[in-house]
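Since every read-out is calculated from the coordinates, none of them should be taken as a lab result. Remember, it's a predicted structure, so these values are computed and weren't measured experimentally. Note that we place each Cβ from the backbone using ideal geometry, even for glycine, and neighbour counts take in every protein chain shown.
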């Protein structure tokens, strides 16, 4: 789209100077109108579309890696699991959200990824996370999950 001179409305100009902003999120361009020769400044910014998460109730919210890491940290409290291991899991989830054509992922899909990774990483952390994520209503459901965990061979 051509840049329009703010003084005369002419759509052809030449760029006299370009500089990146201090924080690197925009480019400042000094332009000169080819009709009236007056100079003006334009700014270019990347218009980012946020990555979204589709919640169980159908609502949407921005993807928040900190929220996922916080949940994993709670599940792994007092367990021999490093922050590096947890960040690797969060990175994996974030990559899937970024690669999604719709730029969004359902919380169910995110939960399954997290459960799968925790199952291989630490069984106790897996059960802690599963008890919250799967919303066990009673001890019987919890015991069923424990039994299934020990019946299935690790992949």
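Helix-derived [θ] at 222 nm for the chain: sum -39500 (n - 2.57) over DSSP H runs of at least 4, divide by residue count, nearest 500? Can you show the working numbers first?
Working: 5 runs with 67 residues, N = 155.
It comes out at -14000 deg cm²/dmol, rounded to the nearest 500.
Compute the acute angle (0 to 90°) between the alpha-carbon long axis of helix 123-133 and the principal axis of greatest extent of the alpha-carbon atoms of the chain; round to the nearest 10°.
Result, in degrees: 70.
Students often check this: by mean Cβ neighbours within 10 Å, which of 89-95, 139-145 ranks highest, and how do the rest follow? It would help to have the intermediate numbers written out before the result.
Values: 89-95: 15.7, 139-145: 11.9.
So the order, starting with the most tightly packed, is 89-95, 139-145.
Distances over 26 Å make up what percent of all Cα-Cα pairs in the chain? It would help to have the intermediate numbers written out before the result.
On the way: 6087 of 11935 pairs.
For the chain, the share of Cα pairs beyond 26 Å comes to 51 percent.
What is the spread of the Cα atoms of the stretch 70-155 along each of their three principal axes, largest first, in whole Å?
Principal-axis extents of the stretch 70-155 (Cα, largest first): 39, 27, 25 Å.
Can you give the angle from 0 to 90° between the axis of helix 107-121 and the longest principal axis of the chain, with both taken from C-alpha atoms, to the nearest 10?
The angle comes out at about 60 degrees.
Round to the nearest 0.05 the FRET efficiency obtained for residue 7 and residue 102 when R0 = 41 Å and r is the Cβ-Cβ distance.
Values: r = 43 Å, r/R0 = 1.04.
Approximately 0.45, to the nearest 0.05.
Over 18 Å, how big is the tail of the calculated P(r) for the stretch 1-73, in percent of all Cα pairs?
Values: 1591 of 2628 pairs.
So the portion of pairs separated by more than 18 Å is 61 percent.
Along the Cα→Cβ direction, 7 angstrom out, place labels at residue 52 and residue 36. What is the inter-label distance in nm?
4.1
Helix 83-99 against the longest principal axis of the chain: what's the angle in degrees, Cα atoms only, rounded to the nearest 10?
Tilt relative to the chain: about 60 degrees.
Using alpha-carbon positions, what is the distance between the centroids of the stretch 66-82 and the stretch 110-146, in Å?
Between the Cα centres of the stretch 66-82 and the stretch 110-146 lies a distance of 13 Å.
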